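Enquirer: Before we start, here is the structure in question, set down as structure tokens.
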Amino acid sequence: MSFNNVKLIINYVSSFSSIGEVVAGNSREYRQIESIKSVIEDYVDEVVIEPVEVSTWDEEFCIIYLDDETFRCSIHPPYEGYIDINTSRNNIIYIHDLGSLNNTNSSLEEKVVVVNGVDDPNYITVYTYILRRYQPMAIIFVDIYEALRRIVVLDDIISSQKPTKPSSIPVIHIAKNVGRKLLNSKFIHITAKSVLRFSYGYNVIAKLNNTSDKYIYITSHHDHWFNGVTDDSVGVALMLDIPRNPIIRKGLREGITLAFFTAEEGFPYPLSSFYWLVGSRKHVTSNANRLLEDVLLVLNLDVLYKGELRFSTSNLVARGFLVNIGIDTNNLENDSMLFDSFSFTSLGIPSITIHSYNEVLRNGLYHSTLDTINMIDIDFISYTLNVIYELIRNSYIIKSNIKKFLELGAKTIATEFIETVKPLEVMLNLYRVLRSFLDCLDSNVLINYMYSFHRIITTTYMSRDVYRGLKVYEETSYINCKDEYIYLPTDPLFNDADDCYGNTLFNLESLAYILLKHCKDMVSRGSTTK
């Protein structure tokens, strides 16, 4: 990829980050959308703007006064209201981990609780959930970097569609050096204000080669906290290069849909604890039949920084496709509820997120003021763009190689199945279904039922240990049923592991029967004509 391409991408990123914090439904999102449209509208066949009902959030100000010094703080969204706290050193309780709660002799009620040393910012959600039982006046998180940060804190930590509320206790964030000064301050005054209201966010959907009957979806999200360079202005900027590329435009065998999603960070209206992926979920549910009919592959670009690229997908065909073009299996992982690809994965569509999330987390950039234009790695941008174009160029072979890719993909998860004990009857029926797919002659039957197959075998869950501040992440796996799991993202469908396995077995048996009936008929007709 030429230096000019990379330079233009960096200019796009710089332009987006200069807009400031883009929350779905705020005025800065409208500026972001206009910027995206102005770049692509002369190079695509069609641009569609999809309105999405959202709860938009905005921090008007957040200031902490320590004796005679003033510092900026940040509010953890989507807290709503005015904060005005005057207190002294005697009213502050310091906590270093959740275990220290058992060792404190002081009541936390109406105290300001200061939490130090949270390495993974996603645990801020769980800390807040547990600490609220003690009814503190406020919670202050001290960052381990010189950074402010935003992590969503709600009344519920299990993602579901049920309505919920923002944390009733104000939760704010301060940088590391401010935390040090707080230790020696006699008087503390916190003043802040934030607003939560109904609004509309907007998905931007652009189409190339609009006459094709099959499409590749390439997606990213245009909302972000603070400057949001790696998460996800880089992803948006990389997508903008695609329609401008004459080689891609002239050599397209399938259509390309570019989807710039709103509200990946949040929030739905009404507010619920499954507060993210709002724009992509809306798009997928509104267009489900068309997507199942037309989409070959989804490539989602998110949290791109440096280091090795990771490929998140729970679809066996997508895994096989990646292996076939030379992607190292060590760089494959299951899809995650963190990414917009999950909205498509939930429908059974082959979906891949290309990311370097772990590097962003490890280097302290995640949802923080450190995530700026200075973090861009030019070589990484160039390499990622080349990988994207390699995937686009080869995507046309998916339809004619589904069996091959299914078999390759199944091999990539064989170890996972070997290492986990599952009922024999479930495994036998899983084998029957896979064997039927590989023996099937009718490509339409193969494609149509492949979506159902992936919906059956994909399990998304969270450990019940989350209530104790452990295992905070949602996970996606294959037929993974345990009593200690809470199944996501909807309300739990299963009472226990036996119920989960029983449901999976019924669905696999049903699918095996359908495939045997349809595919056997095709084999018989095929052999008769020879």
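Just so you know, all these numbers are worked out from the coordinates, no wet-lab data involved. If you're wondering where the values come from, they're calculated on a predicted model, not measured in any experiment. FYI the Cβ positions are ideal-geometry reconstructions off the backbone, even for glycines, and counts take in every protein chain you see.
Enquirer: Using DSSP, restrict attention to beta bridges with both residues in the chain and report what percent are antiparallel, rounded to the nearest 5. Mind dumping the intermediate values first?
Expert: Details: 54 of 85 bridges.
Taking every DSSP beta bridge with both residues in the chain, the antiparallel ones total about 65 percent.
Enquirer: Would you list, by chain and number, the aspartates and glutamates whose Cα falls below 14 Å from the Cα of Lys411, excluding same-chain residues fewer than 8 positions away?
Expert: Cross-link targets: Asp328, Glu333, Glu419.
Enquirer: Any chance you could list the semi-axes, whole Å, largest first, of the equivalent ellipsoid that the Cα gyration tensor gives for region 258-384, using √(5λ)? Could the numbers behind the result be given before it?
Expert: On the way: eigenvalues 116, 91, 27 Å².
Here the semi-axes work out to 24, 21, 12 Å.
Enquirer: Which listed residue (Asn245, Val47, Trp57) has the Cα farthest towards the positive end of the charge dipole for the chain, taking +1 on Lys and Arg C-beta and -1 on Asp and Glu C-beta about the Cα centre?
Expert: Positive-end residue among those listed: Asn245.
Enquirer: Another one. If you average over every viewing direction, what projected area does the convex hull of the Cα atoms of region 144-303 give, in nm²? Don't skip to the answer; put the middle values down first.
Expert: Working: hull surface 49.9 nm².
Result: 12.5 nm².
Enquirer: In nm, to one decimal, how far is the modelled label at Asn287 from the one at Thr191, with both set 7 Å along Cα→Cβ?
Expert: Result: 4.8 nm between the two label points.
Enquirer: If you don't mind, there's one more thing I want to ask. Dipole of region 435-527 (Lys/Arg Cβ +1, Asp/Glu Cβ -1, origin at the Cα centre): which of Cys440, Ser463, Ile486 lies farthest to the positive side?
Expert: Looking along the dipole axis, the top candidate is Cys440.
Enquirer: Quick one: Cα centre-to-centre distance for region 384-425 and region 300-374, in angstrom?
Expert: 15 Å
Enquirer: Okay, next question. Okay, helix-only estimate at 222 nm for the chain: each DSSP H run of n ≥ 4 adds -39500 (n - 2.57), divide by all residues, round to 500 deg cm²/dmol; what do you get? Don't skip to the end; give the middle numbers.
Expert: Values: 17 runs with 198 residues, N = 530.
It comes out at -11500 deg cm²/dmol, rounded to the nearest 500.
Enquirer: How big is D, in µm² s⁻¹, for region 38-184 by Stokes-Einstein at 37 °C and 0.692 mPa s if Rh is the Kirkwood radius over C-alpha pairs? All intermediate terms of the calculation are to be shown ahead of the outcome.
Expert: Working: Rh = 17.1 Å.
The Stokes-Einstein estimate is 192 µm²/s.
Enquirer: Translational diffusion coefficient, Stokes-Einstein: compute it for the chain using the Kirkwood radius over C-alpha pairs as Rh, at 25 °C and 0.890 mPa s, and state it as an integer in µm² s⁻¹.
Expert: Values: Rh = 24.6 Å.
Estimated via Stokes-Einstein, D reaches 100 µm²/s.
Enquirer: Right, next: Let me know the Rg and Dmax you get for region 381-509 when you use only its Cα atoms, in Å.
Expert: According to the Cα coordinates of region 381-509, Rg and Dmax are 17.5, 51 Å.
Enquirer: Shifting gears a bit: Dipole of region 435-527, Cα-centred, from +1 at each Lys and Arg C-beta and -1 at each Asp and Glu C-beta, to the nearest 20 debye? Kindly include the intermediate steps, with their values, before the conclusion.
Expert: Numbers: 9 positive and 13 negative charges, 69 e Å.
Taking the Cα centre of region 435-527 as origin, the dipole is about 340 debye.
Enquirer: Dipole size in debye (nearest 20) for region 174-226 around its Cα centre, Lys and Arg Cβ +1, Asp and Glu Cβ -1?
Expert: Working: 8 positive and 2 negative charges, 103 e Å.
My answer is approximately 500 debye.
Enquirer: Follow-up question, since we're still on this one. Given a cut-off of under 8 Å on Cα pairs at least six residues apart, what relative contact order in percent is computed for the chain? If you can, show how the numbers build up before the last one.
Expert: Details: 1101 pairs, mean separation 86.1, N = 530.
Normalised by residue count, the contact order of the chain is 16 percent.
Enquirer: Greater than 32 Å separation of Cα atoms is the criterion. Which listed pairs, Lys207/Lys403; Lys176/Lys282; Lys162/Lys193; Lys7/Lys165; Lys165/Lys186, meet it? Intermediate results must be reported in sequence, preceding the final value.
Expert: Details: Lys207/Lys403 29 Å; Lys176/Lys282 38 Å; Lys162/Lys193 27 Å; Lys7/Lys165 43 Å; Lys165/Lys186 34 Å.
In this structure, Lys176/Lys282; Lys7/Lys165; Lys165/Lys186 exceed 32 Å between Cα atoms.
Enquirer: Projecting each Cα onto the charge dipole of region 1-144 (Lys/Arg +1, Asp/Glu -1 at the beta carbon, about the Cα centre), which of Val114, Tyr79, Ser14 comes out farthest on the positive side?
Expert: Projecting each Cα onto the dipole axis, the largest value belongs to Val114.
Enquirer: Under the Kirkwood approximation applied to all pairs of distinct alpha-carbon atoms, what is the hydrodynamic radius of region 318-385 in Å?
Expert: Values: mean 1/r = 0.0712 Å⁻¹.
Result for region 318-385, one decimal place: 14.0 Å.
Enquirer: With a Cα-only, solvent-free Debye model of region 429-479, what are the log10 I(q)/I(0) values at q = 0.16, 0.22, 0.23 Å⁻¹?
Expert: Each listed q corresponds, in turn, to -0.59, -0.80, -0.84.
Enquirer: Follow-up. Between Rg and the Kirkwood Rh of region 435-527, both from Cα atoms, what is the Rg to Rh ratio?
Expert: Values: Rg = 17.1 Å, Rh = 15.0 Å.
For region 435-527, the value is 1.14.
Enquirer: Also, quick follow-up: Of all the stretches in the chain, which is the longest one without any exposed loop site, taking GluC sites (Glu not before Pro) in a DSSP loop (any state but H, G, I, E, B) with at most 14 other Cβ atoms within 10 Å?
Expert: Counting at most 14 other Cβ atoms within 10 Å as exposed, the longest clean stretch of the chain is 309-483.
Enquirer: Here is a follow-up. Quick one: grab Rg to one decimal and Dmax as a whole number for region 243-325, Cα atoms only, in Å.
Expert: Cα only, region 243-325: 15.7, 44 Å (Rg, Dmax).
Enquirer: Further question: Give the cross-link partners of Lys399 among the lysines, using a straight C-alpha distance below 19 Å as the criterion and excluding same-chain residues fewer than 8 apart.
Expert: Straight-distance partners of Lys399: Lys214.
Enquirer: Starting from one equal scatterer on each C-alpha and no solvent at all, send me the Debye-based log10 I(q)/I(0) for region 220-261 at q = 0.28, 0.33, 0.34 Å⁻¹, two decimals.
Expert: -0.93, -1.11, -1.15
Enquirer: Per residue, how much space in cubic angstrom lies within the convex hull of the C-alpha atoms of region 42-113?
Expert: On the way: hull volume 16.6 nm³, N = 72.
In region 42-113, the Cα convex hull volume per residue is 231 Å³.
Enquirer: How large is log10 of I(q)/I(0) for region 366-443 at q = 0.25 Å⁻¹ when the intensity is taken from the Debye formula with one equal scatterer per alpha-carbon?
Expert: For the requested q values the scattering log ratios are -1.19.
Enquirer: Quick check for me: using +1 on Lys/Arg Cβ and -1 on Asp/Glu Cβ, what's the dipole size of the chain about its Cα centre, in debye to the nearest 20? Mind dumping the intermediate values first?
Expert: Details: 49 positive and 64 negative charges, 189 e Å.
Its charge dipole is roughly 900 debye.
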